[in-house]
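The values are calculated or read from the model by the stated rules, or taken from the named source; none is laboratory data. Predicted model, so just to flag it, every value in this text is computed and none were measured. Positions of Cβ are backbone-derived with ideal geometry, glycine not excepted, and every protein chain shown enters the neighbour counts. Please note that ligands, DNA and RNA were not included when accessible areas were found on the heavy atoms of the full protein model with its side chains. Shrake-Rupley method; radii C 1.70, N 1.55, O 1.52, S 1.80 Å.
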Amino acid sequence: MAADRDPDSGALTVLGTLDGAPDPSYLALSPTGDTLYAVSETAEGAVAAYRLTRDGLPEPAGPPVPVDANGPTHLSVFDGHVLTANYGSGSVTAVPVRPDGTLARAASSVLRHSGSGPHTPRQQGPHAHQVQPDPSGRWAVSVDLGTDSVRVCDLRDGDLVLHREFALRPGSGPRHLAFHPSGSYAYIVNELTPTVTVCRWDAPEGSLKPLTEVPLLPEAPAGDAYPSGIVVSPDGRFVWTATRGEDVLSVLAVADEGSTLRLVGTVPCVGRWPRALAASGGFLYVANERSGDVTWFAVDPATGLPRRSGSIEVPAASCVVLD
């Protein structure tokens with residue numbers, strides 16, 4: 001679904017929908033902003049490209065391309081390739097991007113993860129959940145829920161090559177990572193325990209060092225609590241996360257140039273099963289999968305606390321990308 005966004009009010013207005021690749025669970029824009037990429041989170045696994053028209057609606061730009069893996073859940077654009085994190089197969093795939101933004105017909109590389117964790121049955125094997133470039137553009141960083149680790153890779157002639165792997169607390173279940181605007185710190189939201197791990201990031205070395213782990217909820221959850229999305233405010237003053245089950249947004253204040261997070265509080269996400277977040281222009285956007293909506297919140301610039309402003313219906317909403 002495509003929507004127009006009012007920069008003053010943050011309001012979304014639906015422009016139209018497109019039937020494309022099945023189960024398009026995550027989206028990413030090209031660096032030029034004229035092509036949209038989507039993963040097909042199916043057993044076969046694929047990635048598709050869409051050209052954005054002048055009226056804002058996407059049009060297919062070629063057939064979906066197999067990623068040679070099961071259940072891709074995330075993707076990003078890195079060094080002339082689309083990278084997919086494949087949850088089911090525990091791997092990362094690279095698909096070359098042509099000069100016109102369309103995809104090559106086949107993947108150029110698949111890097112398979114290995115390992116497990118203490119939390120059964122969720123950690124019987126690797127489950128790559130996210131892959132994205134670091135702020136320097138030098139490295140691709142993948143987060144693996146099944147192995148409690150983060151892998152740093154680079155691309156050499158289209159081949160993904162592992163640089164280093166960094167261990168997090170066993171059983172934490174890291175899901176997604178977001179970088180501070182300074183490029184010196186990374187925040188990893190953990191799905192199996194409602195926490196965020198603060199890490200120091202050294203771009204020249206491609207090195208990640210866990211520092212502290214901060215709770216996302218003020219007290220023990222009453223039932224299911226599965227953190228999902230994480231986003232850092234453009235000015236680097238706040239971090240927001242979403243937790244499914246509890247269906248809340250957590251607000252964390254950033255201090256000490258990015259090395260410290262403090263839980264400010266939580267607010268209801270006004271939906272069910274919030275899966276992804278996006279932030280821009282003083283507004284926070286939440287994709288609520290089970291209630292089928294995208295809701296936007298105005299953010300208090302002093303406290304970082306979001307206040308609901310409106311929503312649109314989006315069946316099984318799982319991702320929001322802003323241009």
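Once every Cα of the range 73-163 carries one equal point scatterer and solvent is ignored, give the base-10 log of I(q)/I(0) from the Debye formula at q = 0.17, 0.23, 0.26 Å⁻¹, two decimals.
Debye curve over Cα of the range 73-163, log10 I(q)/I(0) at q = 0.17, 0.23, 0.26 Å⁻¹: -0.65, -1.07, -1.28.
Rounded to the nearest percent, how much of the accessible area of the range 100-206 (1.4 Å probe, protein heavy atoms only) is carbon and sulfur?
Looking at the range 100-206 in its full context, I get 47 percent from C and S.
Please report the orientation-averaged projected area of the range 147-301, defined via the convex hull of its C-alpha atoms, in nm². Present the calculation step by step, with values, prior to reporting the outcome.
On the way: hull surface 40.2 nm².
Average projection, Cα convex hull of the range 147-301: 10.0 nm².
List the GluC sites (Glu not before Pro) in the range 215-286 that DSSP assigns to loop (not H, G, I, E or B) and whose Cβ has at most 15 other Cβ atoms within 10 Å. Which are they?
E219
Would you calculate the separation in nanometres between label points at E313 and R290, each defined as 7 Å from the Cα along the Cα-to-beta-carbon direction?
2.0 nm
Work out, step by step, the length gained on full extension between E44 and R237: first 0.36 nm times the residue separation, then minus their alpha carbon distance; give nm to one decimal. Could you put the intermediate results ahead of the total?
Numbers: separation 193, 0.36 × 193 = 69.48 nm, distance 4.05 nm.
That pair, E44 and R237, stretches by 65.4 nm at full extension.
Could you tell me whether the range 51-102 comes out rounded, prolate or oblate from its Cα gyration tensor? Rule is a ≥ b ≥ c as square roots of the eigenvalues, rounded for a/c under 1.5, then prolate if a/b exceeds b/c, otherwise oblate.
prolate
For the range 215-323, what percent of Cα pairs sit more than 25 Å apart?
Percentage above 25 Å: 14.
With a ≥ b ≥ c the root eigenvalues of the C-alpha gyration tensor of the range 7-91, is it rounded (a/c under 1.5), prolate (a/b larger than b/c) or oblate?
prolate
Which one of S136, S89, S291 has the biggest mean-square fluctuation once the chain is modelled by GNM with Cα springs under 10 Å?
Residue with maximal mean-square fluctuation among S136, S89, S291: S136.
What Kirkwood hydrodynamic radius, in Å, does the range 136-191 give when the mean of 1/r is taken over all pairs of distinct Cα atoms and then inverted? Numbers along the way, then the final one.
Numbers: mean 1/r = 0.0831 Å⁻¹.
Averaging 1/r across every pair of different Cα atoms and inverting gives 12.0 Å.
Measuring with a 1.4 Å probe in the full set of protein chains, what accessible area per residue, in whole Å², belongs to the chain?
42 Å²
Suppose we flag trypsin sites (Lys or Arg not before Pro) only when DSSP calls them loop and at most 12 other Cβ atoms lie within 10 Å. Which is the longest uninterrupted stretch of the chain?
The longest such stretch corresponds to 106-323.
Looking at (1) 88, 43, 40; (2) 48, 44, 36; (3) 55, 49, 38, which value of Cα extents along the principal axes in Å comes from a calculation on the structure shown?
(2)
Rounded to the nearest 20 Debye, what is the dipole magnitude of the chain about its Cα centre when Lys and Arg each give +1 and Asp and Glu each give -1 at the C-beta?
For this selection, approximately 420 debye.
Distance in nm between label sites at D157 and A11, each 7 Å beyond Cα in the beta-carbon direction?
Using points 7 Å along Cα→Cβ, the separation is 5.6 nm.
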